[in-house]
Amino acid sequence: MKKRILYSCLFLLCSSVAIAQIAINGAVCTVTGGSNGNVYMLSGSNQQTDNITWVIQGGVIAGSTDTTASGTIASIGSSLRIVWNTGFNTGHIQVTNSRLGTASLTVNLQTVDNTISAVNQLVSSGATISITGGNFSGPVCTAVYAFWWETADSSNGPFNAIEGATGKDFSFSNATHPAYYAGCYW
């Protein structure tokens, strides 16, 4: 009888340890480059006093060039914004919680060819102009992104969004004066 009770207590102890885990939540398919990045969050039985270390491969912490962050959850938070570097097909995040263990996440990365195909050209007033935006390359996945086009009177800006111009390519007619165009994505 005593052996059966001891066995049951050990089983409960092991079960409670297995539940106390961490996970990383965030986009597993995204676009590289830019400055906005993606937010990745820890979930699980994290406590404010837990020591954690984030390690990023293929990207950096937004607003810096750092690829690691360490400290307590109270001091560095339980989420990071990561900007993924162009030229990589995958990125990797690993988070170690000194109390709960390690979690990792692999992210498929899509790169946008930032080439905009348009020739500097002199056009007559009212002419139609077509500009072709860049193409995505990288693993086949469904990255969340949006295109928009901006225009300015000078190559130094300021650039302003063109209402309704949200496709990869841009075409318009009735050109009235010299202008500069920029294709943007997120």
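Contact annotation: residue pairs with Cβ atoms under 9 Å, 6 or more positions apart or on different chains, pairing a residue in region 157-186 that is closer than 20 Å to G33 by Cα and of a type in the set (A, V, I, L, M) with a partner that is in a loop (DSSP other than H, G, I, E, B) and at pLDDT 75 or above, are A182/G157; A182/F159.
Inspection of region 145-161 finds a residue satisfying the criterion of being at negative phi, out of contact with any helix residue (DSSP H, G or I) (no Cβ under 7 Å at 6 or more places or on another chain), modelled with pLDDT under 75 and surrounded by 15 or more Cβ atoms within 10 Å (Cβ to Cβ).
Whether a residue is modelled with pLDDT under 90 and farther than 21 Å from T102 by Cβ was assessed, and C29 passes this test.
Each row is one residue, and each column tells you yes or no for (1) within 14 Å of the chain's Cα centre (by Cα); (2) surrounded by 14 or more Cβ atoms within 10 Å (Cβ to Cβ).
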position	(1), (2)
G58	yes, yes
T65	no, no
S70	no, no
I76	no, yes
V83	yes, yes
F88	yes, yes
H92	yes, yes
S98	no, no
V107	yes, yes
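The values are calculated or read from the model by the stated rules, or taken from the named source; none is laboratory data. Bear in mind the structure is a predicted one, so any value in this text is a computation, not a measurement. Positions of Cβ are backbone-derived with ideal geometry, glycine not excepted, and every protein chain shown enters the neighbour counts.
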